[in-house]
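First comes the structure, then the notes that go with it.
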Amino acid sequence: MKEERLLEGEVKKILYQNDQNGYTVCLLDGVDGVEYTLTGTLPSLSVGEALKARAALQTHPTYGEQWRVLEFEKSMPLSSNAILRYLSSRAIAGIGKKRAEKIVERFGEDTLSILEHSPEMLTAIGGISPRMAKKIGEEFRAQFGLRQVMLFFGGTFGPKTSLAIYQALGTSAVERVKKNPYLLCERVRGIGFARADKLAREIGYAPESAERREAGLLFVLSEAYHRDGQVFLPKDELINRTAELLGISREGFEDCLETLARSARAVCEGERVYLPQPYALECEAARRTLELSSVALIKEIPNAIQVLADTEAQEQITYSASQRAAILAAAHHPFSIITGGPGTGKTTVTRALVRLFCELGMKVCLAAPTGRAAKRLSEKARIEARTLHRVLEMSFGFDEGVRGRFGRDEANPLSESVFLIDEVSMVDLELYVSFLRAVKPGSRIVLIGDAHQLPSVGAGNVLSDLISCDAFCVTELDVIYRQAEESAILSFAHEIREGRHHALRENEKDLFFLRRTSGKATAETVGELLSRRLPKAYGDQSLFSTQVLCPARRGEAGTQNLNRLLQAALNPPSQHKREHALSDVIFREGDRVMQVRNNYDLVGRAVDERGDLEEVEGIFNGDIGVIRTIDPVSETMKILFEGRFEVDYRFSDLEDLEHAWAVTVHKAQGSEYDTVVLALFGTPPMLCRRALLYTAVTRAKGRLILVGDEDLSRKMATSLREELRYSALAERIGEGV
């Protein structure tokens, strides 16, 4: 066990400080006469401050003995000499060494009280104007506010979360939280309802108070939207979920909903209850879709049939009836949808549409929701495809609370007149609306996707809703081509799509089945495949194009256990590889990792086709990379994504990073891999769905190795249970919004 000790003394020197996450390396002049090197989250620490810290001893391979701060308490310097050291360190903007000497010489031990309560007295010092004195006072009080926040919340939440509270709620955070502790779960990422509720109970809020009920309702709605993809919740279900969460009766919730509606914190529409943003997005999605689909086209194509015939002759191809219908619908309608399973020719139709529109001199935009899907689309369609985020020009650094916004919208629309958007099953409601805002009326929009796949990770059920509302031209490609018929993977996929499942054999062309009777045996087999059998059969490079998929995170055959097992097998500890521990997870140089939440603040450096460096703004949910280097001193690591752009991660960003030796099927949407190893054992009933198995199988383009329980595979394929998404987009479109 690492040695822990209570250290006390005066901050002698700041060696390193990160203003963004508060990470600090400093020297402490201990009261015992010993000098200590401290590391950890110590925001706004300054030379001269008195510090008490509980810290754990650790040995850095380069810098030797250091003490990692677990919790701390700091206080303002009291003596004139300590105050002078504090101000001379430029802790307060506008005060340097010479000015600090003059201030302390005049006010002595009363200096800090003057800065806080009577900064106008500083004008007695030559060179300090009333305006500057006011600014110095504001700067000092801001630091004092941070100090109060760290002291009040530090014991409950720890330094990092306390800093996040300060950044979200400002210098008045303590007063605001005392007035409404549930602000914490609404405004501060990483604080769930349970932690805010615990603090509320400690402060004295009654279990059945109106504030607690309202906060509970908003929390359940927020979780349903952000975690489960629900645009709204039925009123009864919302009240039942909230009452269960709070451990109280249903009585009184109707009144709380009325209060939330009057204050515009929720929207009640009949039996549907929304948060304001999802409600506005759903209404806007319906309105804009109807508007864009009803506007006359900028450019008609009277000779589309002839152009299509010419393309068939030049390409030596004959389109099926459904393919021809899809192409002509896109030519003649401002809004159309093309859907179909694997091997039905969606790519062929996309290439035909690109050729058709380009030959007519029309500017075409080809896009997909993720970088991996866009890259795959580029390869298949033979022209550049971009992510929707890049098409819409995501930008950063705006006002408080806005972490990123699109540069393209109705005020600055896109210049293209044709939009071919692939993998639309992955497009959530928010991204769909952002796209519609940027399209000029009279443009052609062609949405392409497979409605039988899993719905988007984000909220909504956009593709299925647009198909089911029966308001637009929808073409389903229904011919399975010979190449697909020769693939056991694609034949199996179409069986699943139709709710059927044949008896699996050990070897069926490109489909392999390894039956296992326990989760442990399933996990061990997956490890053996990745570490020995696949490299032996296909070479070591096969690992770069192989992905392990699992329906669930937990369990012996879930991603959490498999990632631990595969990390140990494929990237074991080494004296030549640095590591960083986050809770019970160890990140190691050489690890394969995945970003699991959009982070618009991270910026990567990429090399374009000309060899020039360019910035890639934002790392998105599902992006996969490899850890190149870990620097424990600056608390950063470099991660190479997609083999082409590198991103610097702060250790404070790692909560959104997971190992990706094995990933869930949901996270693999939009991707294709040469080899997929699908671990199927002990999947929870709520995940035993046809769409999940179908999505997993269709990720494999070369070979699929299914490991585990055949009965579970059959149960999923024939299941009638589908993921329920509460969305009223189809109804709004049908009713004209």
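So here's what we get for this one:
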item	result
Among the residues listed as ALA304, ALA296, ALA286, the single one being touching a helix residue (DSSP H, G or I) at 6+ places or on another chain (Cβ under 6 Å) and modelled with pLDDT under 95	ALA304
Inter-residue pairs, beta-carbon under 6 Å, first within 22 Å of SER162 (Cα to Cα) and in the range 1-29, second buried (at least 20 other Cβ atoms within 10 Å of the Cβ) and of a type in the set (D, E, K, R), 6+ apart	VAL11/GLU49; TYR23/GLU635
Qualifying positions in the range 625-646 - modelled with pLDDT of 90 or more and buried (at least 17 other Cβ atoms within 10 Å of the Cβ)	GLY625, VAL626, ILE627, ILE630, MET637, LYS638, ILE639
Search result, residues across the range 232-254 that are farther than 24 Å from LYS198 by Cα and in contact (Cβ under 8 Å) with a residue 24 or more places away in the chain	PHE232, LEU233, PRO234, LYS235, ASP236
Qualifying residues in the range 576-602 (those that are of a type in the set (A, V, I, L, M) and touching a residue at least 40 places away in the same chain (Cβ under 8 Å)) - the one surrounded by the fewest Cβ atoms within 10 Å (Cβ to Cβ)	LEU582
Residue in the range 272-281 that is open to solvent by less than 20 Å² (accessible area, probe 1.4 Å), more than 16 Å from TYR726 (Cβ to Cβ), assigned to a helix (DSSP H, G or I) and aliphatic (A, V, I, L, M) present	no
Unmet criterion (only one of (1) out of contact with any Phe, Trp or Tyr (no Cβ under 8 Å at 6 or more places or on another chain); (2) modelled with pLDDT of 95 or more) for LEU687	(2)
Number of positions in the range 1-49 that are more than 19 Å from GLY158 (Cα to Cα) and of a type in the set (D, E, K, R)	9
Residues (open to solvent by 10 Å² or more (accessible area, probe 1.4 Å) and free of Cβ contacts under 8 Å to residues at least 40 places away in the same chain) located in the range 327-371	LEU328, HIS332, THR347, THR348, ARG351, CYS358, GLY361
Residue that is nearest to ALA679 (Cα to Cα), among those in the range 713-736 that are open to solvent by 70 Å² or more (accessible area, probe 1.4 Å) and of a type in the set (A, V, I, L, M)	LEU720
Residue satisfying condition, being touching a residue at least 24 places away in the same chain (Cβ under 8 Å), at positive phi and not basic (Lys, Arg), within set GLY702, GLY670	GLY670
Positions within the range 1-25 being open to solvent by 80 Å² or more (accessible area, probe 1.4 Å) and touching a helix residue (DSSP H, G or I) at 6+ places or on another chain (Cβ under 8 Å), in sequence order	GLN20
Pair list, Cβ < 6 Å and 6+ apart or interchain, from the range 157-172 residues that are without any contact (Cβ under 8 Å) to a residue 40 or more places away in the chain to residues that are open to solvent by 20 Å² or more (accessible area, probe 1.4 Å) and hydrophobic (A, V, I, L, M, F, W, C)	THR171/ALA142
From GLU237, GLU244, GLU284, GLU312, residue being more than 28 Å from GLU723 (Cβ to Cβ) and either open to solvent by 40 Å² or more (accessible area, probe 1.4 Å) or assigned to a helix (DSSP H, G or I) (or both)	GLU312
Pick from the range 58-71, criterion open to solvent by 40 Å² or more (accessible area, probe 1.4 Å) and not charged (D, E, K, R), ranking: nearest to GLN148 (Cα to Cα)	LEU70
The lone exception for GLY229 - which of (1) surrounded by fewer than 19 Cβ atoms within 10 Å (Cβ to Cβ); (2) under 28 Å from the mean Cα position of the chain (by Cα); (3) at positive phi it fails	(1)
Enumeration of residues in the range 647-679 that are assigned to a strand (DSSP E or B), acidic (Asp, Glu) and either crowded, with 17+ Cβ neighbours inside 10 Å or touching a Phe, Trp or Tyr at 6+ places or on another chain (Cβ under 7 Å) (or both)	GLU658
Test: GLU65 is closer than 26 Å to ILE630 by Cα, among the acidic types (Asp, Glu) and within 37 Å of the chain's Cα centre (by Cα)	yes
Qualifying positions in the range 287-309 - more than 30 Å from ALA224 (Cα to Cα) and open to solvent by 60 Å² or more (accessible area, probe 1.4 Å)	SER294, ALA296, ILE298, LYS299, GLU300, PRO302, ASN303, ILE305, GLN306
Selection within the range 458-509 - part of a loop (DSSP other than H, G, I, E, B), surrounded by 16 or more Cβ atoms within 10 Å (Cβ to Cβ) and more than 35 Å from the chain's Cα centre (by Cα)	ILE480, LEU504
Pairs with Cβ under 6 Å, 6+ apart, first in the range 178-196 and farther than 13 Å from ARG212 by Cα and part of a helix (DSSP H, G or I), second at pLDDT below 85 and open to solvent by less than 30 Å² (accessible area, probe 1.4 Å)	ARG187/ALA168
Residue under evaluation ALA55, criteria (1) loosely packed, with under 15 Cβ neighbours inside 10 Å; (2) within 19 Å of HIS580 (Cβ to Cβ); (3) touching a residue at least 40 places away in the same chain (Cβ under 8 Å); (4) of a type outside the set (Phe, Trp, Tyr), criterion not met	(1)
In the range 513-549, the residues that are modelled with pLDDT under 90, more than 17 Å from GLN567 (Cβ to Cβ) and surrounded by 17 or more Cβ atoms within 10 Å (Cβ to Cβ)	SER542
Entirely in the range 527-606, the strands (runs of 3 or more DSSP E) that have 3 or more residues that are of a type outside the set (Val, Ile, Thr) and over 23 Å from ALA668 (Cβ atoms)	579-582
Output for the range 198-228, where each listed residue is small (Gly, Ala, Ser), in a loop (DSSP other than H, G, I, E, B) and within 20 Å of ARG265 (Cα to Cα)	SER209
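The values are calculated or read from the model by the stated rules, or taken from the named source; none is laboratory data. None of the values given here were measured: they were computed from a predicted structure. Note that we place each Cβ from the backbone using ideal geometry, even for glycine, and neighbour counts take in every protein chain shown. Heads up: the accessible areas ignore ligands, DNA and RNA and are worked out on the full protein's heavy atoms, side chains in. Shrake-Rupley method; radii C 1.70, N 1.55, O 1.52, S 1.80 Å.
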